[in-house]
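The values are calculated or read from the model by the stated rules, or taken from the named source; none is laboratory data. Bear in mind that the values here come from a model prediction, so they are computed numbers and not experimental data. Here the Cβ positions follow ideal geometry from the backbone for every residue, glycine too, while neighbour counts run over all protein chains shown. Ligands, DNA and RNA are stripped out before the accessible areas are found, and what is left, the full protein with its side chains, is counted by its heavy atoms. Shrake-Rupley method; radii C 1.70, N 1.55, O 1.52, S 1.80 Å.
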Amino acid sequence: MRRALAGSVSLAFAAGPLGVVLVLRRMSLMGDAMAHAILPGVAVGFLTAGLSLWAMALGGLVTGLLVAVLAGFVSRLTPLREDASFAAFYLVSLGLGVLLVSLRGSNMDLIHVLFGTVLGLNDASLLLVTSTASVTLFVLALILRPLVAECLDPAFMRAEKGHGSISHMVFLVLLVMTLVAGFQVLGTLMVVGIMMLPAASARFWVRSVVRQMAMAAFIGVAASYLGLLFSYYLNVPASAAIILTAGILYFASVVAGPQGGLIQVARQYRARRYLSQIAK
């Protein structure tokens, strides 16, 4: 449980801020597509070296970056939009990855890859997750200003000597790195949950980008801690418990969040209706 908590918290610190950027760029589903894009590389690493952490991580990193580059080229050279391009590669990658794992491994191996083994993290897995999270946060801090500016006005940043495209490509590399490290914790199917659910929740509590990133990391840490407690006392799968806890926190944010939550919207509606009645 201590190793699971350390790995989950490290992953949440890196995944939350990346999820905030995806929300700002209106590319929330891209995280899900990239999480599945690493599956063929993970499967190839599994076929060649068995359950070797570094082989599967290297394979996932290569295929994730390859899919990101190919999907970007398709969206820029053809009329197909970027979200549709990523969706196509995501579906192909998912089918190919499941097929490759099934050729040699058992159903348990497939479940390990798809859903992770957060309660079975070893020293190598913890080192991979924590080092990746540290690098991600450091590099993200360096490119934060141009990255946020590109979210607001992509055309302007492309006109400024192409800095927008560079920051976008660096962001994609960080995204793939985090997903590759996170599949050991939550699996390729659910790792994107700890990235997008806290980010979407943070939108209802604070307004500035930096505060949203900090809030997303905090919500991810809280979901990891509470989810592991639920899995221990209720005897349920830990990975699913973490994601479902993040989902509960998201729904609570939608209802009670001070920045556009349902309660606040209802209050504003009643206030406008009261003022209109007074004006009459």
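What number of residues within segment 89-107 are open to solvent by 50 Å² or more (accessible area, probe 1.4 Å) and at pLDDT 70 or above? Write out each step before concluding.
Filtering segment 89-107 down to residues open to solvent by 50 Å² or more (accessible area, probe 1.4 Å) leaves 89-92, 96, 99, 102-104, 106-107.
From what's left, at pLDDT 70 or above: 89-92, 96, 99, 102-103.
Residues that pass the stated criteria total 8.
Looking at (1) closer than 25 Å to PHE138 by Cβ; (2) at pLDDT 85 or above, which one does ALA37 not meet, given that it meets all the others?
Result: ALA37 passes all but (2).
Go through (1) at pLDDT 80 or above; (2) open to solvent by less than 40 Å² (accessible area, probe 1.4 Å); (3) assigned to a helix (DSSP H, G or I) for VAL206 and report which single condition fails.
Failed condition: (3).
Of all residues in segment 19-74, how many are surrounded by fewer than 24 Cβ atoms within 10 Å (Cβ to Cβ) and not in a helix (DSSP H, G or I)?
6
Can you pull out every residue in segment 233-271 that is among the small types (Gly, Ala, Ser) and in a helix (DSSP H, G or I)? Give the derivation first.
Let us first name the residues in segment 233-271 that are among the small types (Gly, Ala, Ser), namely 238-241, 246-247, 252-253, 256-257, 260-261, 266, 271.
Result: ALA238, SER239, ALA240, ALA241, ALA246, GLY247, ALA252, SER253, ALA256, ALA266, ALA271.
If ASN235 satisfies every condition in (1) crowded, with 19+ Cβ neighbours inside 10 Å; (2) on the phi > 0 side of the Ramachandran plot but one, which is the exception?
All conditions pass for ASN235, except number (1).
Condition test on MET196, is it at pLDDT 85 or above, part of a helix (DSSP H, G or I) and within 30 Å of VAL101 (Cβ to Cβ)?
Working: at pLDDT 85 or above: yes; part of a helix (DSSP H, G or I): yes; within 30 Å of VAL101 (Cβ to Cβ): yes.
So MET196 fits the description; yes.
Give the residue, chosen from ALA181, ALA279, ALA252, that is among the small types (Gly, Ala, Ser), more than 16 Å from LEU24 (Cβ to Cβ), open to solvent by 10 Å² or more (accessible area, probe 1.4 Å) and modelled with pLDDT under 90.
Values: ALA181 fails: open to solvent by 10 Å² or more (accessible area, probe 1.4 Å); ALA252 fails: modelled with pLDDT under 90.
Sole residue among the options that is among the small types (Gly, Ala, Ser), more than 16 Å from LEU24 (Cβ to Cβ), open to solvent by 10 Å² or more (accessible area, probe 1.4 Å) and modelled with pLDDT under 90: ALA279.
Give the residue, chosen from MET215, MET169, MET177, that is under 20 Å from VAL118 (Cα atoms), assigned to a helix (DSSP H, G or I) and not β-branched (Val, Ile, Thr).
Exactly one residue qualifies, and that residue is MET177.
Exactly one of these conditions fails for LEU51: (1) at pLDDT below 70; (2) under 17 Å from MET169 (Cα atoms); (3) not aromatic (Phe, Trp, Tyr). Give me its number.
Looking at each condition in turn, LEU51 falls short on (2).
Tally the residues that are among the hydroxyl-bearing types (Ser, Thr, Tyr) and open to solvent by 50 Å² or more (accessible area, probe 1.4 Å), restricting the search to segment 219-232.
If we filter segment 219-232 for residues that are among the hydroxyl-bearing types (Ser, Thr, Tyr), which is where we start, we get 224-225, 231-232.
Now drop any that are not open to solvent by 50 Å² or more (accessible area, probe 1.4 Å), which leaves 225, 232.
Qualifying residue count for the region: 2.
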